[in-house]
Structures are given as structure tokens and as C-alpha cells.
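Down below is the structure, laid out as C-alpha cells.
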Amino acid sequence: MVTQVKGHISAGSLEDLKTAGCRVVTGGGHAIAVIYHDGQVHAVDNRCPHMGFPLDRGSVSGGILTCHWHHARFDLASGGTFNPFADDVRSFPVTVVDGEVWVDPRPAERYEADHWSGRLRDGLEHNIRLVSAKSVLGLHAAGADYRVPLRIGADFGTMYTSDGWGPAMTILTATANILPHLAEDDRPLALYQGLLHVSRECAGRPPRFVVDPLPTGETRPQVFKQWFRNFIDVRDEDAAERCLRTAIELGVPPRDVADMIFAASTDHIYLDAGHTLDFANKAFELLDHIGWDHASQTLTSLVHGMARARRSQELSAWRHPIDLASLVWQARDELPALCEQGCDASGWDDADALARAMLSESPSDILDAIKGAIRSGATAEQLGSAVAYAAFLRMAHFHVSNEFGDWDTVHNTLTAANALHRALQRAPSVELVRGVFDVAMSIYLDRFLNMPAQRIPETGYDPVDSDALLAELGDLMNVRQQVEEASHLVSRHLTGAGNPEALLAALGHAMLAEDAGFHSFQIVDAGLGQYQTRRGTESGRHVLIGMARYLAAHAPTSRAVGQTYQIALRLHRGEELFRE
């Protein structure tokens, strides 16, 4: 009589298994390959953890199980993989009683969040997209907070990059910012795409080691601020980095640290076409998500770019045919007195009108309008809001008769304006307000891209079927250059009492469906954020129209990134990818 082993499933007799070499049994929700090799019986999950190929179709030699689809190899005894692109295959305990083989269908328990965190690090280190996608999905299914993969990506991205903070870290931060606006199913996809960019940008690069802080007793924020600004001014990045690290480690308040970085970012005119300020703002936004305890590693990654940034006063476009740089320097010199006058005024609330004034054909008139607003009591945040809206108006009015690459010209100014607005909300100062003059002149320089100006749809109230309209938006993104069609659709949705949150989610989904790059993530992050402060207003409608026009102009792509994610998603659901 065969002895039953409680909780186990029978794999037949040992003699039959020796003859067959392998047998597949099912139980506990698993298909299990039971393998006889070299006098031992082993049991592993029959699905290859790489892409689901049935392992009973593989081969065993020298204690190594090889999957024949992509040649992933596993230690048969433990299930551990020799190849980082795969994963460890689950193994199961085996018992032989009275010549019968019994398998326990309960694999050894593992803490899923720890497992997938480790695998995410592997995916980033080896730049393996499928591993990163599986890991994000695994963490999501395990109930891990979004900050778990975000912290892993942030630590990796700020360490393995000799050039410091770059586009990939900005993309990663943008994904975290837009998560609340996305549909639930799109949130892990967004994180995956952000992490993918980090992995790509850091591939093959050596680590960046953070310098030690100074052995100083100095603790005054204003002293560190002056030191840091001086070092950035003379492009001494080593000294600047050590100064910044010291201030952080000594406990200088975050707002004061932000002030010193933002001041240094605006000591020269429009550093690196606004990227310097944009990167700095994004670094602080990242810390809002992952915590100030990551400040040393994160913020010191900005220094290399700040010290080497191109200064716009050195560029011909800012000197000829009109010496814009000199006009800006003069306005900057007047700024402290203007702010003093503004302290005695109150009640200014005309940011939208100021934004339209920034679209003027005269740089002097633009600067005078800004100075008049400051003198009349405009706050730093209001000035930032005006410049951000003006930049979005340039995008909304961008005419498709321009060269395709000119979308990015308008886009660069827009993201700089958005960064300035966010920075002025975080740490307003007279030094940072100087950036309003800089960005306003960049908006002026982009004026030729609104010649002729594309008309913004002026749709009247017409109740809409929100779901049908958003489905139509998805269809538009499958056809090239449906720019005006997309802008009209977004306008109809907003003026027809469509669900704004559903529209934001749909626009976010449209971006994630593509092989989205640096600029696409930037504009969606900026557009969704700016709309949140303008909900129900004409300026809010214009913001989303500008964003939708950019997305439509850049769709469709080959969508290869989404294909990898879909493979990971199907594997996560237990679907079969292999078909004979």
C-alpha cells in the first residue's frame, strides 16, 4: 500500500521517473517539473522565470537546467539562475516514500518586496528592461509604496553618473509627480519608464563618489550661500560640491539650501537655456518624494552641470541684433528697489494679463511690464505663474508650418518657465526673481515660432460624452500629426463639462503609450501641474491645449518600450507567451 504524504502531490514512482527523466505535475496553483538527475530528484516551477517557456522542454547537464528558448541556465538543486536576465526559478521540496515521489507544492516563502527590490537593482545595473519591468510590477503587486522603486532608482541614478544630474533623473522625478493623475494601471508603467531611462543613461558609467564635508565650525546659511555662489561663478565644481555637502550635513534648513542653489542658478543669465534651473527644481521635487535624508547624494549631483553651464550672455542671439543681455542686466540692477516699492503695494492680481504682455514684439516693453508688476506688488509666485502661462501660450500658438525640430525650441523655454514658477513657490527670493527677466527674454526670442500664430480653439459650451471623446483622443494618437484635431478635442472636453481628471489621465496615458523621451515627460509633468493651479479657467484650458498639441505632434512612435512592458505584464498575470 502506498503511503500518502499529507499536503504533497504524487509524481509517481521513482522507477518511472528514472525512466522518463522528467514529469510535470500540478498542484497549489503551480505546474511543477519533477526531474531525476544524477541520482537525485528535484522539483522546480515549470515556467521559466524569464519568459515562461516550459522547462520540461529544456535539458539538464552537470546539474544545470537550461531553458531552450533564450538559454537561461539554472542550478537544478536550488533553482538559482546563472544569468541576470532571467530570475531564480522556484524550487519545491521533494520526498521519496516507499518508492513513490512526493512534491510539496508550497515553495519556500520569500518577502516579495525585498525580492523584487533586489531584482530591480539587478535590472538597473545590467540595463535589462524586462527585469526592471517585472520588478516594478512585482513591487506593485506586493503592495510596496511607489517610493520603494523611486528610491532605488534615485540612489542608482545619482551614483552611477560621472556627469551628475541629467535628463534621466528629471524623467524619473516627472514620473513620480504625475502618478496621482494617472489611471491605476498606468502607474507602474510610468515608474518603469522612468527607471528605464535611468538605467540607459547610467549604463557603463563609473560611480560618482560624494566628497566629505569640511571640518568646519561655520554654520551660518548666508556664508555657505556666498561661498557656493562664488565657487559656481568661477566654475570650481570640487569646491562648490564640498561647500554644498557641508551645508547639508551641518543641518542647514532645506529652504536655505534651496535658496543657495537657486541663487547660484540665476547669478548668470539663463544658464544652459534654463536646464540648470530645471534640474535644480527637479532635484528638490525628488527629495519631496524620497526624503531629505537623500539630500547629500541628490543635490551634489547638480554641481557638475551648474559649474559647466553655458551662460546666455555669451551667446550671439542674446547680443544681436538687440543686446538683450544688457537689458536684462539693467533690469536685474533695478530689481531690489522695485521689490522694496512692491512691499508697500498690495492687491495686484493680473498674472494672465502680464503673461500676454510677455508675448510683445518689444523686449523693452516686456521688461517694463514685469517691472511695473513688481512695483505694483506682484508676488514672486504670481510672477512665476505669469511667465509659465506665457510659455504655454507660445506652445498653444505654435504653427505646424514651422520645422518639426522647433517644437523643442518652444518646449525648452516652457520647461524653464515651469521650473522657475515651482522654484519661486519653494524658496522665493530677490535673486531667484531675476530668472523672470531671463525666461521672459527667451519667450521673446521664440516669437518667430508664432508667426503666424495658430489660433486657439474657442469652442462654446456643448455637453460631451467624456468617454467617447477620450476614446477619440486615443485614436488620434495613432495617426501622425493630428495636432489641431487633438487641440480641438481637448478644448471641447473642457468646455463641454467633460471629466477633467479623466482627461488628465488620458493625456498621461497617451504619453506613456509612446517611446516617450525627456521632452515628453517634461511637458506632461509641467502641463498637469500647471493645470492643477488653473482648473476651470481659460488659462488652464490653454495649458492643456498646448500640452496636447506637443504630444500629438510626436505620436505615434514605434512603441517598443510598451512592448517590453506588456511582455512583463502578461508574465505577471501568468499568461503563456510561448506558442508552438
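Looking only at residues that are open to solvent by 40 Å² or more (accessible area, probe 1.4 Å) and within 51 Å of the chain's Cα centre (by Cα) in region 38-52, which one is nearest to VAL97 (Cα to Cα)? Among residues in region 38-52 that are open to solvent by 40 Å² or more (accessible area, probe 1.4 Å) and within 51 Å of the chain's Cα centre (by Cα), the one nearest to VAL97 (Cα to Cα) is GLN40. Exactly one residue out of ALA390, ALA386, ALA396, ALA369 is of a type in the set (A, V, I, L, M, F, W, C), touching a Gly at 6+ places or on another chain (Cβ under 7 Å) and either closer than 30 Å to LEU551 by Cβ or modelled with pLDDT of 95 or more (or both), and it is ALA396.
Conditions tested, residue by residue: (1) farther than 22 Å from ASP288 by Cβ; (2) in contact (Cβ under 8 Å) with a residue 40 or more places away in the chain; (3) not aliphatic (A, V, I, L, M).
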| position | (1), (2), (3) |
| --- | --- |
| GLY118 | yes, no, yes |
| ASP122 | yes, no, yes |
| ALA133 | yes, yes, no |
| ALA144 | no, no, no |
| PRO149 | no, yes, yes |
| ALA154 | no, yes, no |
| GLY157 | no, yes, yes |
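Kindly check whether there is at least one residue in region 562-572 that is among the basic types (Lys, Arg), part of a helix (DSSP H, G or I) and modelled with pLDDT of 95 or more. Among the residues of region 562-572, not one is among the basic types (Lys, Arg), part of a helix (DSSP H, G or I) and modelled with pLDDT of 95 or more, which makes the answer no.
Quick one: is ARG208 modelled with pLDDT under 95, closer than 24 Å to HIS275 by Cβ and open to solvent by less than 50 Å² (accessible area, probe 1.4 Å)? Considered against the rule, which asks whether it is modelled with pLDDT under 95, closer than 24 Å to HIS275 by Cβ and open to solvent by less than 50 Å² (accessible area, probe 1.4 Å), ARG208 comes out as yes. Highlighted here are the strands (runs of 3 or more DSSP E) found entirely within region 17-85 that include at least 2 residues which are charged (D, E, K, R) and at pLDDT 95 or above: 73-75.
Cβ separations smaller than 9 Å between residues 6+ apart or across chains give the following pairs from region 365-379 residues that are without any contact (Cβ under 8 Å) to a residue 40 or more places away in the chain and aliphatic (A, V, I, L, M) to residues that are part of a loop (DSSP other than H, G, I, E, B) and surrounded by fewer than 23 Cβ atoms within 10 Å (Cβ to Cβ): ALA369/SER360; ALA373/TRP348; ALA373/ASP350; ALA378/ALA345; ALA378/TRP348; ALA378/ASP349; ALA378/ASP350. Scanning region 547-560 for residues that are part of a helix (DSSP H, G or I) and over 18 Å from GLU403 (Cβ atoms) yields MET547, ALA548, LEU551, ALA560. When region 1-16 is filtered for residues that are β-branched (Val, Ile, Thr) and in a strand (DSSP E or B), only ILE9 remains. From the list VAL464, VAL543, which residue is hydrophobic (A, V, I, L, M, F, W, C), under 22 Å from ALA183 (Cβ atoms), at pLDDT below 95 and touching a Lys or Arg at 6+ places or on another chain (Cβ under 8 Å)? Result: VAL464 is the single residue among VAL464, VAL543 that is hydrophobic (A, V, I, L, M, F, W, C), under 22 Å from ALA183 (Cβ atoms), at pLDDT below 95 and touching a Lys or Arg at 6+ places or on another chain (Cβ under 8 Å).
Which numbered condition in (1) free of Cβ contacts under 8 Å to residues at least 12 places away in the same chain; (2) in a helix (DSSP H, G or I) is the only one that ARG187 fails? That leaves (1) as the condition not met.
Across region 1-22, the number of residues qualifying as buried (at least 18 other Cβ atoms within 10 Å of the Cβ) and in contact with a helix residue (DSSP H, G or I) (Cβ under 9 Å, 6 or more places away or on another chain) comes to 2. Number of residues in region 225-245 that are in contact with an Asp or Glu (Cβ under 8 Å, 6 or more places away or on another chain), surrounded by fewer than 24 Cβ atoms within 10 Å (Cβ to Cβ) and of a type outside the set (Lys, Arg) equals 2.
Might you let me know whether region 193-214 holds any residue that is more than 27 Å from ALA307 (Cα to Cα) and under 20 Å from the mean Cα position of the chain (by Cα)? Yes. Residues of region 385-399 that are buried (at least 24 other Cβ atoms within 10 Å of the Cβ) and of a type outside the set (Gly, Ala, Ser): VAL387, TYR389, PHE392, LEU393, ARG394, MET395, PHE398. When each of LEU124, LEU150, LEU179, LEU172 is tested for being open to solvent by less than 40 Å² (accessible area, probe 1.4 Å), under 13 Å from the mean Cα position of the chain (by Cα) and under 17 Å from ARG208 (Cβ atoms), the lone residue that passes is LEU172. Selection of region 490-506 for residues being more than 12 Å from LEU551 (Cβ to Cβ), assigned to a helix (DSSP H, G or I) and open to solvent by less than 80 Å² (accessible area, probe 1.4 Å) yields SER491, HIS493, LEU494, THR495, PRO500, GLU501, ALA502, LEU503, LEU504, ALA505. Scanning region 479-503 for residues that are without any contact (Cβ under 8 Å) to a residue 40 or more places away in the chain and farther than 20 Å from ILE178 by Cβ yields a count of 4.
Candidates TRP227, TRP165: the one that is without any contact (Cβ under 8 Å) to a residue 24 or more places away in the chain and under 24 Å from ASP293 (Cα atoms) is TRP227.
A quick yes/no check of all residues on (1) open to solvent by less than 10 Å² (accessible area, probe 1.4 Å); (2) closer than 21 Å to ARG422 by Cα; (3) within 20 Å of the chain's Cα centre (by Cα):
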| residue | (1), (2), (3) |
| --- | --- |
| ARG534 | no, yes, no |
| SER539 | yes, yes, no |
| LEU544 | yes, yes, yes |
| ALA555 | yes, no, yes |
| THR564 | no, no, yes |
| ILE567 | no, no, no |
| ARG570 | no, no, no |
| GLY574 | no, no, no |
| LEU577 | no, no, no |
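For GLY164, the conditions (1) at pLDDT 95 or above; (2) in contact with a helix residue (DSSP H, G or I) (Cβ under 6 Å, 6 or more places away or on another chain) are fulfilled apart from (1).
A Cβ distance below 7 Å, combined with a sequence gap of six or more or placement on separate chains, defines the contacts here; from region 2-23, residues that are within 18 Å of PHE92 (Cα to Cα) reach residues that are of a type outside the set (Ser, Thr, Tyr) and at pLDDT below 90 in the pairs ILE9/GLY27. Among the residues of region 337-346, some residue qualifies, meaning at least one is closer than 28 Å to VAL234 by Cα, free of Cβ contacts under 8 Å to residues at least 40 places away in the same chain and not aromatic (Phe, Trp, Tyr). Screening region 350-463 for helices (runs of 4 or more DSSP H) wholly inside it with 2 or more residues that are of a type outside the set (A, V, I, L, M, F, W, C) and more than 21 Å from SER539 (Cα to Cα) returns the ranges 363-375, 406-426, 430-445.
The values are calculated or read from the model by the stated rules, or taken from the named source; none is laboratory data. No experiment lies behind these values; they were computed from the predicted model shown. Quick reminder, even Gly has a Cβ in these numbers, built from the backbone with ideal geometry, and neighbours come from all protein chains shown. Only protein heavy atoms, including side chains, enter the accessible area calculation; ligands, DNA and RNA are left aside. Shrake-Rupley method; radii C 1.70, N 1.55, O 1.52, S 1.80 Å.
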